[in-house]
Every structure is written in structure tokens, then in C-alpha cells.
């Protein structure tokens, strides 16, 4: 001991060795030190400290203290932060993974129940979530060959935004590649497992499927270029042929087990298109013959299906804004108009997104019959008090209570007129139709569009620049638009896009499905203008979230900015209803999963295809499975395991369990048929649609 | 400000009183400093407070702080550099290179696009062993959180983090050669499977990029990724890989207007594709049921790159003692490193145990026995002289024979036929001088109970000293006896392997036994499909020393150890012996003989191996190392993997894909003596 002490003494007295003094000081503080030596040591320490102090003071006036100035403190700070950061990172990495254990995943639980992979599974991603990569580009995209332009980290978009946008847009005439640019869908499961780092789309579902034994040979992601119209994915990339061949192969190599298809969002109507395409003879279709679907497909499990379109698409085309963007604009006007892309962000976005045909496939279908007219809508009387509903248990009794509540509310309040998808001014959205000035929507199609000779508008070109001022005024004068007149409106404001896209999509309701014109591919993705294939053993599921306010109709105003600041219409975010009303920030909300209203997601399964109808001649069984939204209880849960939001629902345990059970061989009956907590059945009842053959 | 103010007085004092000592100066400085402080205090209170703090805690700036400061500095510069690097235009490195070395030639894709070439035939890539990525689908506890992460290829981060776990997951079952229970490691699919092996280390990426230039994209390119650890037939049994390839080729041919596919296998992929061609035409239970004309209907050309048609000697060293030239050198330089680092001792044993569970390594054992690889006293490459390696750039078909003959007479030549010999003297002595004791009947003494060897189990433990000595007593092994040797030292592995692969030469190809799948990947025991319009190309690099035969010694270490190792002390300039390895011409992995023989002789014209007379072409690429560091791995390389970035090779491949035939390409292009050597091989055709 003594020798150690002496050694210490030496150390302390030796003033040059500062480091050791620090080390020993810290050592001294440790409780292991012998009690007896304490006093002595303290003396030594104090003496030494004194010596040190003197020594330092002697040194201080020299250059030393001067040099530890701002810059050095900065460096010191950064170094300090970095090292702590690394330390934490290291600790985080070396932590056993089990420490942050989330509740047991459904895949694991079901595996213990004895479920095993049986039917091959095909995943069909929706719009926007699929990855796109560059195969050929302009000089500005040098070095990006086979790098992701869309999805992933999006770093490239921030680095060279204009270049990226240029590559992401399609040719405005053909809706295909612009010359010299080839951007293609990323193939394989990586295409849409994560949208951005840590923001899962399919990843959770894939992981759970893998738990019960799925792997590359019986799990396939049908990635396609979501910007193209559906038929064009076949023309350019043979995407439909590839999907067909893949399904046939999986059917073959997995012991003739039929395939379970899991499409999401727009993938749902893409797959509807595929169903018709595959049975149609070759030049236009895939030539699989009439029994193909019955032979190869067991079930279609539509997640968040946008069967009848989404109102969001309208506001997107009309003014390139959704709820969120409108908010931003209201809070900080000017931000969007001037920053990132060198002015005119929204205009750029609009220009690019208007070259994407696929968006038109999401415009509401079925016209006033489905979506309501000036004075009527199927959701009429929907109570918007989401906070109350959110926590109610989804049981049938509760449901009734809710419904009666709703009725009571209905008598008191003036019902929201959801039918008017776009209205100009709040008054126009609430007045009775007889009080509104009626302008025939067809009329403004005839007004000659005298070009606004505005060359000062920069390079962001939108079709609005070509519209005359009178045209813009006239649109606003009409006050309110229903789904029917909306199409005319869109044709007016975006003539090129609609002309291109209407060759690929149709938004009506068929009177006579046997009319030979319905053999054309443009009707294939509209469930109201196609017959389901002849496959009585197939099952169709509608799985979607409810309990989140979802955009249903909009209150617009004319943009105050003049001339070339382009987009002449804005959502009027100043319009707010009183508490408990469905109007907020210029948007009327209805029940849904934040993107797709219940009506669009559920109607076909609830009524249009239920039983043997003219849309479903072979009587394919349909099931509705609703998942009421519950926000994550704590931050640790991330995006929640009981979420009902459009994308987050892919992590919903109940939904995953349903899919796993079906994939492992269960039928709809075995997972207990329908599971409904919204008003979907009542809503669909109100819709007066001829569904039986010959019924008038 | 204060700094400037302080400076001035010093300078003035310097000017005025040059002779004065340093002390007064310092005093002045201090005064000045004090004045500064005072004035600062008057002006602002806050900075003075800061200063006070500094003064109060002078010991703070100690070692720890200096460390922090240092790290901070480094971080800042690093970020700065990173930022600059990211802000740098992508074409900058190229610009620098051009400034130094003069303008680069256009990449072949650009050049050929200017010539007007367009995508025509769909292209199928078949990656080789080791280069394909593998990912985890189901694992043990220790691999949690690695779901669908790359286990092989990519950054290999997991190898360093949890090595034992990694080894466990990469191994296959010892008995079946399939998955161990509870573990599923599967090949990555798509072009990403093998475009880069590690970040920045391309395999297929350059070729893909150049093909894309002339219009290829995902719909016309397909990477036939398979689990390269499995035996070929097992990839079908477990993953249905062969069926997928078949279906994909059919799809691509159908959607591209009936244009036949060009298949580009690399390395072991060549053997895999040979297997596929037999499989696809064989009837259903064992084969793909494509019917006898499937290949002629769907395949335009097979462009094999660096194909080890007849196996590679490297595979033997790998199986026998888990070491190749590189490892042997490392061991010689720093003994002990390999034995006790990463895996807590016994790295090599772990590697050996793992790689011995991979059936595919056995597909690379040299085939054709002594007829092809040479006996005790002769070998086809006899007379090859390493000094003559620099005989490059010879556009004529065959090297001048005169010069070649003279070289033979001058130098002693290595006896390549003895693939493994124990001791250098044995390797050089004529066969009559070697006394050999047959090892085949030797009793394998049971080893002393080996509890000290931890969990690393290799089959050597079962051999005991008797067996080991018997092997060493046999002195030398040729290609034929090597198979026996492997049977002796690794009976389990070989039992699995011989069910899937065969290494002989067929006497009568019509023998019904050759319908079995184990013969399909051996070109000496199969007939090519009946597809007279098909073309087979063999593209490979030459001009690099390639392992051909080894000198072994008994390992000095104790019993817990691989008992044989390469004798790195053996060197001989004249006979190409270096560090215990005899090398010969080739692409660093595959000797010319293995890559070229089938196309030079075995399949040339109508032979019994090639009854329909499929045309064959040899295209050799002479290796020249990259001129400077900026070129990376070079555009003229001939090395086994780097050749995928060789511009001449890429140009050939693109031309074929765009529709050119072998004749239009210019037929054979030969730098080595492969025709000469093939001549010497006495094989009935």
C-alpha cells in the first residue's frame, strides 16, 4: 500500500503529467479506498492540487488560455457530443434485441397454433408506395443508374429536385416515357416493403408471413410502375404478363395450391383490371381463357380498397393539394410558393402529377348514384364526433346505439351535403340546391379558351396557364359540383390529362353489362362496369380501417394571387365548422381510413357484389372486415398495432392475423364472416343501384 | 479584435527594443492582456463572465478535453470532406482521370449504341459460387432482427458482430445438404442478387450498366439467382429454382416477340446451366419436362465467362485443408493470426466445417481424372514456363510453336499431374522413384477422446493418426486418386457429394445410367442438347498465374487441428512453384485447360459429347493490370471476377445480345496454348 501511495505522490507532484492526475482523482473517488489512508491522502491531494494550481497559474498567462477560444470550444463541444453519441449508439447496438420486445407478433402466435404456409401469396402495392429506379436519364441524372428516384431515402430529390421531377414525369401526350428517359419499377419484395427508412408498408406483413413459413418461392410482390395507366404497364413493361406467369408458376411449384392475392389501395383496382385482362383473348388481354381465375385464385384480400375512387384524388388534380398541404399554406403562406424548387413547388408537383394517368383511376366512380347529388348523399347524417366513437367497442349492440345517436343528431342538425364534392364558398356548400345558381356544367366546355399570353410564368407550366380568366371565373361561378359534374370540370381544367386518361379509365355505371363495348380495357378497372370472373369458389375480402376522419368534399376559393402564380383555386382553409361538425379547414370529413371513405372501400363488398348480382354473376362470396382505429398508446409502439389508417393498417395485428389464416387455408366462414363497425350497410342501402339482373 | 490589438504592441516592442530580453516583452504582453480584459469588462459583461469561468476552472482543459477537442476537429473535417464529396458533381472523378491519363475510351455500351446496336435478345445471367447474395428468412435466437437482411454479400457486417451465429446459419445440414431445422437462408432475387458483391466491388454491375445503355431493362434481363451452397438438383427440390428459371426464360421469349434468350453464366454458373439444360429437357419427375427441343427453341447462345467446365484445383485445397494460396501466405507470414482471432480460436476449422456442408463446392473438383489433368509423369500443360507469361497481344490463333518447343527443352517443367504431393522432392521426382503405400485400406485409428477441441468438429478428428499418416505416406495424388483421397478424409461429405456429382469420363454416353441427374453437370458425361442453331462461347482471361498443384506437409500442431497444410516454404522459379503452389496459365482461379478444353476440343465439331454439332467459340482476354489506381480494377483485366469489367468482353457480350453470331464476332481469339494442350489430351471423341 505504501509503495502505491508513494507512487501516487510522485504522480501528483510531477506537474507535467496532467493526465495521470485526472485519472487518479477519479480513482480516489471510488469507495474502495482504505479508510485509514483517507486522511493522509486528502492531505496529499490538497497539497498536490495546490501545486498543480500554482503550476497552472504560472503557465496560464502564456499562450495556452488564449488558444482555447471559440473555435476550440466549438470543436470540444462537437467532439463531446460525437463521443457521447457514439457511446450511446454502441450501447444501443450491443443491447440485446429482446430488451425492447414488442408484444408477440401474430405470425409467431399462429405458428404455435400450427399454421403453416399453404397458399402462395401475391402482394400488389398501391399508388406512390412502390419504388422507382432510373435506367436511362438526362445528363443531370448522371451516376444515378439503377438508383432509387422514388421511395427510400429520397436524398436525390433534395439534391437535385428539378432533375428528379423531370425524370419522374411522363410524356404528356402518350402517358409513357419521355424520350431519353427510362424510369422503371423496382422489382421484388424490396419494391414496397419500406416507403422511407423505418416507415414500413409491407414489411410487417412480410415478416409475419415468413414466420409461418413463407419465403421467396411462395411470396411475390407484383411491383408495377404506378404512374402508368394499367393497360400501359402491360404495353411497356409486360407487367401483367409477368404477374400471370408468376402466379401460374407459383401455382405449379407449390403443389397446385391456388394463390391468395393481397392488393392494397390502388393495387385493388389494378388487380381488378388484371382479373379481366387475364381472361380476355390475346391482342388486348392475356389469353388465359375463361377458367383462369377460378383455377388459380383462392381469395383476394383487398386492404384499404379504393374501389369507387377517393375524393382526395379530385383535390389533387384540381389544385395539387390535400388536407395537409392546405394547412401548411394557411399557416405559412409563401413557404410552398417560393422555396424548394425555386418557386412554385405546387405548380411543379401539379405538372408532374398530371402526367401520371393512374391518378385518374382514383377519381370517384359511379357518379351521383353512389356519391350523392346536390342535396343528398349516402353518408347523410354521419356524426363527426370521432373522439367519442373512437373508443367505443366495435360490437353490434354499440353499433345500434351509435346509429340511434346518429339519427337523433340527424334531426337536430342540418345534414352535411357530402354530395357536393367541390363547392366555392362555405355558403354554397350548405344552401339548398334551389338557392344555388345553376350553370350547366357543359356550358364552359364550349367557351373558347383564349390563351393567357403570360410568358413571365417561369418554366413551371400547368394547364391553368392556358385557361382564360373568364373560364376560371366561370368555374367558380358554378358554386357546387357533384361527382357527375366534377368530371366535366376536370375535363375543363385539365383537358390534356383527362383526354389521355379517359382512354384508359371510365367512371360511370353500366346499364347493360353485356354490351360489347364493355370488352374494352378502359372499363376493366371500374367495378361498376365489369363483371367479376366466373369463379364461384373464389372469395373477395374488403379489409379496411374505420374511425378516422377522411376527406370527402372540399370548400374552395379563388386564389388571391393573380396572373401567373398559376393555380387559380385553393382550398379555403379558413372555413371551420363549430365543434363536432364535419367541416374543418375547408374539408368535410366522413368516416374512413384517412384516405379512402368507408363508402368507397365497403360498398362493393356490402352490396354491389353481395350474393348473385349482375356485377357478380357467379356469386363469389364477399366479406367485410373492418378494423376500428386505435391510436398507439405509447411512443414505443411506433405506428401502432391497432391502427386503422390507410397505410399503417398494414401493421394492424388483427388484419395480419386474418391474412395469415386465409393464406394458411381458412375460408371466410372460418374467420367468422363479416366484422363491421361502421354504418356501411345502412349507407349502401340508401344507394339506389340496380344490382340484380333485369331489375329495374 | 483583441488578438490583433495584442499583436501590434509586440511588433512595436520588437522594432523598438530588439536587444531587450523576453521578460519585459512578456510583461508588456501581460499588461496589454490585462488592459484588454479591463476594456472588455467595461464593454460587455457576458464575455467576461465566460472568461472568468475559464479562469476558474483551468484544469478542465485536460487530457479528456483534448481528446474531445481532437475528436471534434476530426469530426468537423470529416463532415466537411463528406459534404464536399457529396456536393461534388458525379463526373468529377472521371474528369480527374481524364486529365491525368488522357481521354478514356467510351464504355462499350455507349460506343455500340452509337453504332446503332439495340436490345434484341433477352439476357439471362447465371451468377457463380460465392458471388450471389443470401438473406435470412428464419433463424435461431441469436440472429434476431436480421430478417431479410443480407447474410452473404453486401457489407458482411454480421460476420464481425456475431461470427459464430453467422457460421451456424450459413452451414447446411451435414446429412441432407439442405437447411438445418429452424434456419432458412435464401438467395436474394433480382438483379441486386449479384450486381455488387461488396460495396464498390462489382460483379455484374458493369455489364448490366452497359447493356442498359443499348436499351436493356428489367423486362429483358433476368438474374437467375440460386442458392449456391446447395447441390444443383437440390436448388430445385428446395426452392424450385430451376422451374423458375425455365418459366422466366419462357416468359421473356414470349414477351419479346419470340426472340431466343442469350444466357451468360459465370464461374460455377456455367456448370449450373449445363445442369439446367439437361434438366429442362428431361421428363417430369426428375426433370423439367420441357421436351427435347426446349433448348433449341429458347436459347440462342450460352456465353460462359470463366467457366470451370472441368473443375478447378483450388477446390481441392479448399476441401482438403480449407486454404488456398492467399490463406497459406497469410499463415506463413503471421502464424497464429488465423488460429485464434475472430472466432475465438480455430477460424480455419470453422470455415472448413461450414464449407464442407456446402455441396456445391464439390461440383468444382477436377473432372476427367488422369486423362485430362495428367498422371504422375505427364500433364497436358507440360513445358509451360512461367517466364514466358509475357507473351501477350498475339493476334494469331496459336502461339508460335517453335519458340514454345525451345522453351521446353531449356527448362525443367513442373509435373502438374501430381495435384497434391507431400514434399517438394516428391513433386519433382519421376514416378519410378516414389515409394507409395496405399492409403485406401489404412485403418483409421480412432482419435484420442478429443474433448479439448471445443465444439469445432471436422471429420479429421475421426481419422486419427493412422489415417493421417497413411495419407502422407501415399506421397502424391493425381486427379483420379484425389477423389479417393477426399473419400478417405471426408467420407460424409463425399457420400453426399457423389449422390449429386460425378467426376469421370463416360465411355458410352447412351448408357441409361447417364439419365441420372448426378451426371448432368459434368460435360464429359453428358451430351449437349439437340440444338444445332445454338452457339456456345467460352470467354475467359489468360495471363495470370493460376493454382494448379500443391505441395503439402503435415501440420506440426497438435491433434486439434487440420493435419495438413500447404508447405509455403517450397519455392522454385523455374517450375512455377511459389509458396507451395504450382501455378499455370489461367485467370487466377480457373486454369486455361478447364475453361477452354471443351470448346477447343471436346465439343468442337460433331463429337459424341456434342451430337448435333453446336458451334463453339473460344474468346480469350489477355490480362493487363490497371495502369493506375484511378482505374480501379481495370478495364483490361483478365482475372476471374474482374474480367466482368473488361471492355473487350463486354463488347463481345453486347454484340451477341444484339444479335451477332460467333462468326460475326471474329471466331476464336486465342492467346494461350489451349489448342496445343488439348491436342495432347487423349480423349475419345
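The values are calculated or read from the model by the stated rules, or taken from the named source; none is laboratory data. Keep in mind it's a predicted model, so treat the numbers as computed, not measured. Cβ coordinates were reconstructed from backbone atoms using ideal geometry, including for glycine residues, and neighbour counts include every protein chain displayed.
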- request: Report those strands (runs of 3 or more DSSP E) wholly inside the range B:178-226 carrying at least 2 residues which are in contact with a strand residue (DSSP E or B) (Cβ under 6 Å, 6 or more places away or on another chain), within 11 Å of chain A (Cβ to nearest Cβ) and at pLDDT 90 or above.
  value: B:184-187, B:221-223
- prompt: Residue check: is residue B:302 under 19 Å from residue B:191 (Cβ atoms) and touching a helix residue (DSSP H, G or I) at 6+ places or on another chain (Cβ under 8 Å)?
  reply: no
- prompt: Hey, among the residues in the range B:244-292 that are surrounded by fewer than 20 Cβ atoms within 10 Å (Cβ to Cβ), assigned to a helix (DSSP H, G or I) and touching a residue at least 12 places away in the same chain (Cβ under 8 Å), which one's farthest from the other protein chains (Cβ to nearest Cβ)?
  reply: B:253
task: At least 2 residues that are modelled with pLDDT of 75 or more in each: list the helices (runs of 4 or more DSSP H) lying fully within the range A:286-404 that qualify.
output: A:292-296, A:311-319, A:345-353, A:367-371
query: Tally time: how many residues in the range B:53-107 are away from chain A (no Cβ under 12 Å), part of a helix (DSSP H, G or I) and either at pLDDT below 75 or under 30 Å from residue B:211 (Cα atoms) (or both)?
result: 7
query: Mind checking whether some residue in the range B:296-316 is in contact (Cβ under 8 Å) with a residue 40 or more places away in the chain, buried (at least 23 other Cβ atoms within 10 Å of the Cβ) and more than 28 Å from the chain's Cα centre (by Cα)?
result: yes
message: Residues that are within 10 Å of another protein chain (Cβ to nearest Cβ) and modelled with pLDDT under 80: does the range A:86-95 have at least one?
response: yes
query: Somewhere in the range A:610-623, is a residue within 24 Å of the chain's Cα centre (by Cα) and within 21 Å of residue A:549 (Cα to Cα)?
result: no
message: Can you tell me which residue is surrounded by the fewest Cβ atoms within 10 Å (Cβ to Cβ) among those in the range B:160-177 that are part of a helix (DSSP H, G or I) and touching a residue at least 24 places away in the same chain (Cβ under 8 Å)?
response: B:160
query: Restricting attention to the range A:190-205, and to residues there that are facing another protein chain (nearest Cβ under 10 Å) and either free of Cβ contacts under 8 Å to residues at least 60 places away in the same chain or outside any helix (DSSP H, G or I) (or both), which single residue is farthest from the chain's Cα centre (by Cα)?
result: A:190
message: Anything in the range A:249-285 that is part of a helix (DSSP H, G or I) and under 22 Å from residue A:617 (Cα atoms)? List them, or say none.
response: A:268, A:269, A:270, A:271, A:272, A:273, A:274, A:275, A:276, A:277, A:278, A:279
query: residue A:649 versus (1) assigned to a helix (DSSP H, G or I); (2) over 30 Å from residue A:368 (Cβ atoms); (3) touching a strand residue (DSSP E or B) at 6+ places or on another chain (Cβ under 7 Å): which is the lone unmet condition?
result: (2)
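Okay, residues lined up against (1) modelled with pLDDT under 90; (2) surrounded by 20 or more Cβ atoms within 10 Å (Cβ to Cβ); (3) touching a strand residue (DSSP E or B) at 6+ places or on another chain (Cβ under 7 Å):
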| position | (1), (2), (3) |
| --- | --- |
| A:246 | no, yes, yes |
| A:251 | no, no, yes |
| A:267 | no, yes, yes |
| A:272 | no, yes, no |
| A:283 | yes, no, no |
message: Quick check on the range A:518-527: of everything there that is in contact with a helix residue (DSSP H, G or I) (Cβ under 7 Å, 6 or more places away or on another chain) and outside any helix (DSSP H, G or I), which residue is surrounded by the most Cβ atoms within 10 Å (Cβ to Cβ)?
response: A:525
message: From the list B:116, B:128, exactly one residue is part of a loop (DSSP other than H, G, I, E, B), at pLDDT 85 or above, more than 11 Å from chain A (Cβ to nearest Cβ) and more than 33 Å from the chain's Cα centre (by Cα). Which is it?
response: B:116
field: Per-region count, the range A:580-605, residues over 18 Å from residue A:364 (Cα atoms) and buried (at least 22 other Cβ atoms within 10 Å of the Cβ)
entry: 2
field: Residues satisfying the stated conditions in the range B:228-241, i.e. surrounded by fewer than 23 Cβ atoms within 10 Å (Cβ to Cβ) and at the interface with chain A (Cβ under 10 Å from one of its Cβ atoms)
entry: B:238, B:239, B:240
query: Yes or no: residue B:643 crowded, with 24+ Cβ neighbours inside 10 Å and within 27 Å of residue B:524 (Cβ to Cβ)?
result: yes
- request: Would you please name the residue that is farthest from residue B:284 (Cα to Cα), looking only at residues in the range A:217-248 that are more than 9 Å from chain B (Cβ to nearest Cβ) and in a loop (DSSP other than H, G, I, E, B)?
  value: A:227
query: So which strands (runs of 3 or more DSSP E) are wholly in the range A:104-185 and hold at least 3 residues that are within 14 Å of chain B (Cβ to nearest Cβ)?
result: A:132-136, A:182-185
Among the residues listed as A:483, A:550, the single one being closer than 24 Å to residue A:601 by Cβ and modelled with pLDDT under 85: A:483
